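Every number here is computed from the coordinates shown, using simple stated rules; none is lab data. For clarity, every value in this text was computed on a predicted model and none was experimentally measured. As a convention, Cβ positions derive from the backbone with ideal geometry for all residues, glycine included, and neighbour counts pool all protein chains shown.
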Amino acid sequence: MTRTEFCAGYPITPSSEIAEECSRRMPLIGGIYMQMEDELGSMAALIGAAWTGARSMTATSGPGFSLMMENIGYAAMTETPCVIVNIQRGGPSTGQPTMAAQGDMLQCRFGSHGDYSIIALCPSSVQEMFTLTAQAFNLADRYRVPVFLMADEIVGHMREKITVPDRVENVPRRELAKGVLPFYPEHDLVPGFATFGKGYGVHVTGLTHDERGYPCATNVRLHHNLVKRLVDKVENARHDVADYDIINPDAEQVFIAYGAPVRTVQQVLHDNPDKNVGFLRIRTVWPFPEFALAQFKNAQRFLVPELNFGQMAREIERYVNVPVVSIPKLGGDLHLPSELTAALGGWK
Amino acid sequence: MTFEDWFRKDRLPHIYCAGCGNGTIINCTLAAIDQMDWKKEETVFVSGIGCSSRAPGYIMTDSLHTTHGRALAFATGVKMANKKLHVVVFTGDGDLAAIGGNHFIHSCRRNIDITVVCMNNQIYGMTGGQGSPTTPQGCLSTTTPYGSAEPAFDLCELAIAAGANYVARWTSYHVKELERAVLAGLQTPGFSFVEAMTQCPTNFGRRNKFKQVADQVEFIKSHALLKVKRDRLVEEGKEVPSDMFVVGELARRNRPAMGVQ
């Protein structure tokens, strides 16, 4: 039986095109598009749909992303596979609805209350928007975790040729084995999924719960163990989910970029055929692949162009003993290649 | 099979206080469901946050105990993604009428094929007795120490105006009528809303001069005005007492519904 695919949405610039396309195409492939009354509702509806076994997604931007945070925490706590696309725009608040930013990189990691871990992917081209979306669904099902596709307005509105493969790899969600408690983790800390309607009789709650799924909200050890597992199942998989490219690993100066700023760094490298500028291009931003930094053995400093005030630069600082130079750019424009070249030249 | 077979026996004791009306309403709902011949694996209970919303945790089926106010949005996702599932929502006055008001309006408008049982105890019971949108004007709560200054919400009028196919109100006293109303709601395609007025002795009764649980149940009973009597009063041009609430089947219609298999 083909699984129903489910997309819940609410119009918001600059992500509305995804809702429009889903509303047009989902019915043609036997799926469902629901336009909900707000982003709290669309996040809720897609979690409900996910428990019936459907691959579920939504797309939003800044203010809508903020509204989704409560139910994103619910998805993390209940280990509900789902995909959230954020076409980032300038914030805070209503900010710049039509302009690009990468200001939600820490919000997607830490935005809901309490401790948890998630996976976030950053496309920098239309092709990657395609491949990483498919990848996001597979990772969500594999680790039973919300997976974020953290694009930005530039990538969201970019037009490029892409190659659509004949077949996209589809990793099926691991079903709960009969006779096993619904939240009993397997060796990889991920429990099998007790799909609604198949007779499991699973109780799903956002309260701290035991392996039966029953609330036990005052048990100190149980809460510690549960939250630790929710974090560890993602953090332990950091090597498996890592996706990055390393260019010129012997360089002393190294750019690190994700999303649209990748394009500017590519231009700088293209214009500078000497192999003296390194580049770490990251697609899986959370969990952050800190082991990739060690591959630049001669690195004297890392340069991090971002469309924010250094959100990921701060994360990189935690791992290296050389200077990390944040190159922020706010307002909606990409860095010019000359701005990045100037940053290189200012160093001795 | 009886309604008792729907309960999880390993979840007892439950969290409800002595004298709480929620157990009565859960029993009435399960008794109605038992008459529907639904299979457990095809039935899903969804709830939000509050005393009422703990109910699905005591029932054997698949169930989703969600975030505050969002039960109907979660239920919409469950129902639309698998229309074979029978979806029943337990909620309360704070969960449905305050934080979840928008989802309530739009679920009625969509007329989505789910049944909602609202346990209206006119108070936030679980958090310690704060005033809710259905706390009657003048009543005391921990956040209305001088008496509630706000008019109370009529949830059934809201559901009717927003487009629900079936709307009824009964009380924790009228158990047979409540069971029949839930059954009618389950049988009606589209959005069915059954409001059950109920007593909260711990957090409403003791602050509002109901020394015994029975006093509050008696008050609820004596202030329930049958719809036929209300209609007769209106017909005769007489005044409808403002401190009474109407009980009975308030709407049953056949607007186009979503999610019907």
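Quick notes on this structure:
- Size of electric dipole in region A:244-345: Cβ of Lys, Arg +1 and of Asp, Glu -1, about Cα centre, debye, nearest 20: 160
- Total lysine pairs whose alpha carbons fall under 24 Å of each other in chain A (8 or more apart, or interchain): 6
- Cα Rg, Dmax (largest Cα-Cα span) when computed across region A:80-218, Å: 18.1, 55
- Packing-based exposure ordering (other Cβ within 10 Å, fewest first) of B:THR142, A:THR60: B:THR142, A:THR60
- Dipole magnitude of the protein assembly as shown about its Cα centre (Cβ charges: Lys, Arg +1; Asp, Glu -1), debye to nearest 20: 940
- B:LEU96, B:LEU155 arranged by Cβ crowding within 10 Å, fewest neighbours leading: B:LEU155, B:LEU96
- Estimated inter-spin distance, A:ARG159 and B:TRP38, nm [label 7 Å along Cα→Cβ]: 5.0
- Here's the picture: charge each Lys and Arg Cβ at +1 and each Asp and Glu Cβ at -1 in region A:24-115, and of A:LEU40, A:ALA50, A:GLY111 the one pushed furthest to the positive end of that dipole is A:ALA50.
- Per-residue mean of C-beta atoms belonging to partner chains within 10 Å, peptide A:193-204: 6
- Projected area averaged over orientations for the protein assembly as shown, convex hull of C-alpha atoms, nm²: 30.5
- Charge dipole (the protein assembly as shown, unit charges on Cβ, about Cα centre) - positive-most of A:ALA100, A:SER61, A:GLY90: A:SER61
- Residues with amide H under 5 Å from that of A:TRP286, placed H, sequence gap 5 or more: A:ALA120
- Rounded to the nearest 500, the helix-only mean residue ellipticity at 222 nm of chain A stands at -10000 deg cm²/dmol, with each DSSP H run of n ≥ 4 adding -39,500 (n - 2.57).
- The value obtained for region A:1-68, namely the Cα convex hull volume divided by the number of residues, is 62 Å³ per residue.
- Mean separation of Cα pairs under 8 Å and 6 or more residues apart, divided by the residue count, gives chain B a relative contact order of 19 percent.
- Which of A:TYR74, A:TYR214 has the fewest Cβ neighbours within 10 Å, and the rest in rising order: A:TYR214, A:TYR74
- In terms of the mean number of neighbouring beta-carbon atoms within 10 Å, the peptides A:9-21, A:175-187 order highest first as A:9-21, A:175-187.
- Charging the Cβ of each Asp and Glu at -1 and of each Lys and Arg at +1, and nothing else, the dipole of region A:1-241 about its Cα centre rounds to 540 debye.
- Note on chain A: GNM, Cα springs under 10 Å; of A:PHE193, A:PHE291, A:PHE65, the largest mean-square fluctuation is that of A:PHE291.
- Contact order normalised by residue count of chain A, Cα under 8 Å, 6+ apart, percent: 15
- Dimensions of chain B based on its C-alpha atoms, expressed as ranges along the principal axes with the largest first, amount to 47, 46, 32 Å.
- Near the amide H of A:THR205, within less than 5 Å, lie the amide hydrogens of B:HIS65, all on another chain or at least 5 residues away, with H placed in the peptide plane.
- Region A:14-107 - percent relative contact order, Cα under 8 Å, separation 6 or more: 27
- Percent of C-alpha pairs per 5 Å bin, region B:120-259, short to long: 2, 10, 16, 20, 19, 15, 11, 5, 1, 0
- The residues neighbouring A:PHE130, those whose beta-carbon lies less than 12 Å from its own, together hold a net charge of -1 under the Lys/Arg +1, Asp/Glu -1 convention.
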